[in-house]
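Asks: This is the structure I want to talk about, given as structure tokens.
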């Protein structure tokens with residue numbers, strides 16, 4: 001049976017940070033760890049992360065991804081030098097990796113990952129997926145995994161990020177460090193299940209923009225005008241602005257059906273733009289012509305109210321049983337760039353406390369990334385600007 005252990009630290013020296021996480025998570029007994037999952041802020045060297053891990057635990061598989069801060073059992077930290085670890089003992093998993101996963105080949109590359117997982121292990125019922133946050137068509141990734149494992153498999157995870165600039169993000173697997181790669185971990189421990197749910201706290205405003213020309217995940221025109229220029233104009237930004245300027249304030253909203261809106265606690269699902277080439281905007285999912293996109297504003301009261309609601313929903317669905325581990329993906333725009341740090345720590349406290357036992361948080365690995373995977377309406381779904389919780393029960 002798989003066993004989970006976690007730790008996080010803020011430390012300048014990358015190799016020392018890796019060692020410290022292992023020492024704390026496993027109480028200095030990490031010789032039998034089989035899988036190391038790291039999240040690290042963009043200030044760390046990812047080659048150093050995997051090399052030091054291999055030095056300390058030579059037989060273990062090591063994966064890592066860049067982020068804009070971490071959340072662990074110790075709380076939240078959003079510096080340039082954060083490292084968080086989930087260490088796993090046990091061999092009931094499969095690991096696959098790929099490079100050059102981009103928007104135009106997202107289905108094919110994700111299908112490679114899915115087939116690799118399926119060839120290694122039987123009984124995979126949940127998949128932890130971590131891909132690049134820049135130029136990726138995430139609903140096609142979901143479709144590829146479901147083509148192999150069926151829609152009943154639960155896909156959870158995130159897309160990697162930098163410090164809200166949208167320039168580069170990293171993914172690492174053992175000796176390889178990628179900028180446009182991905183990894184997938186298929187868990188096949190029959191004693192485990194994962195429950196997922198996501199929430200955001202943004203409200204759609206004004207009149208929508210209409211997608212008048214698009215190709216897959218690339219929006220070429222909004223309201224009959226060049227997409228990027230029209231988007232900047234609606235945000236009140238000048239033509240020198242880049243994605244880093246738009247991410248904090250530029251969440252785009254698509255309207256949900258009444259049934260999904262009731263479950264979601266919001267009438268809209270959000271999307272982020274993390275890349276543009278000239279006036280072409282790279283959307284996070286396929287965006288068909290005719291789609292209506294609203295601009296949004298952040299509502300702090302909704303963020304806290306909905307966080308309480310989804311935690312209560314997860315607890316109620318699982319008879320308030322305590323989890324063995326929690327994975328967690330949070331949008332970087334919900335972190336310190338838009339929220340006072342005290343409020344952010346309060347929000348993390350509210351999400352962790354109900355899963356804790358006598359004040360002790362379960363093993364917890366969270367990151368601030370560009371997007372999140374969690375179920376909505378019983379279906380695997382990609383989200384932006386959310387808090388997404390992936391609670392693992394035995």
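Asks: Can you name every residue in region 112-134 that is farther than 19 Å from residue 156 by Cβ and touching a helix residue (DSSP H, G or I) at 6+ places or on another chain (Cβ under 9 Å)?
Replies: 112, 115, 134
Asks: Output the residues belonging to region 218-239 that are surrounded by fewer than 23 Cβ atoms within 10 Å (Cβ to Cβ) and under 30 Å from residue 146 (Cα atoms). Please lay out each step first, then the result.
Replies: Taking region 218-239 and keeping what is surrounded by fewer than 23 Cβ atoms within 10 Å (Cβ to Cβ), we get 218, 220-221, 223-226, 229-230, 232-239.
Passing the criteria: 218, 220.
Asks: Condition first: under 23 Å from residue 163 (Cβ atoms) and in a loop (DSSP other than H, G, I, E, B). Now tell me which residues in region 53-82 satisfy that.
Replies: Matches in region 53-82: 68, 69, 74, 78, 79, 80, 81.
Asks: Mind checking which residues of region 1-47 are in a helix (DSSP H, G or I) and crowded, with 17+ Cβ neighbours inside 10 Å?
Replies: Within region 1-47, 14, 15, 17, 18, 19, 20, 21, 22, 24, 25, 46 qualify.
Asks: Wholly within region 260-367, which strands (runs of 3 or more DSSP E) include no fewer than the required count, namely at least 3 residues that are within 14 Å of residue 202 (Cβ to Cβ), in contact with a strand residue (DSSP E or B) (Cβ under 7 Å, 6 or more places away or on another chain) and modelled with pLDDT of 95 or more?
Replies: Details: elements: 268-271, 275-277, 280-282, 292-298, 325-331.
Correct list: 268-271, 292-298.
Asks: Tell me, please, whether a residue that is closer than 21 Å to residue 290 by Cα, out of contact with any helix residue (DSSP H, G or I) (no Cβ under 9 Å at 6 or more places or on another chain) and either outside the structural domain of residue 140 (by TED's automatic domain parsing) or part of a strand (DSSP E or B) (or both) can be found in region 235-247.
Replies: no
Yes/no matrix, rows are residues, columns are (1) over 20 Å from the mean Cα position of the chain (by Cα); (2) buried (at least 21 other Cβ atoms within 10 Å of the Cβ); (3) over 24 Å from residue 276 (Cβ atoms):
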{"position": "88", "(1), (2), (3)": "no, yes, yes"}
{"position": "92", "(1), (2), (3)": "yes, no, yes"}
{"position": "110", "(1), (2), (3)": "no, yes, no"}
{"position": "153", "(1), (2), (3)": "no, no, yes"}
{"position": "161", "(1), (2), (3)": "no, yes, no"}
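Asks: Considering each residue of region 168-192, count those that are surrounded by fewer than 16 Cβ atoms within 10 Å (Cβ to Cβ) and either assigned by TED's automatic domain parsing to the domain that holds residue 281 or farther than 19 Å from residue 51 by Cα (or both), and give that number.
Replies: Result for region 168-192: 3.
The values are calculated or read from the model by the stated rules, or taken from the named source; none is laboratory data. As the structure is a prediction and not an experimental result, all values here were calculated from the model. Note that each Cβ is placed from the backbone with ideal geometry, even for glycine, and that neighbours are counted across all protein chains shown.
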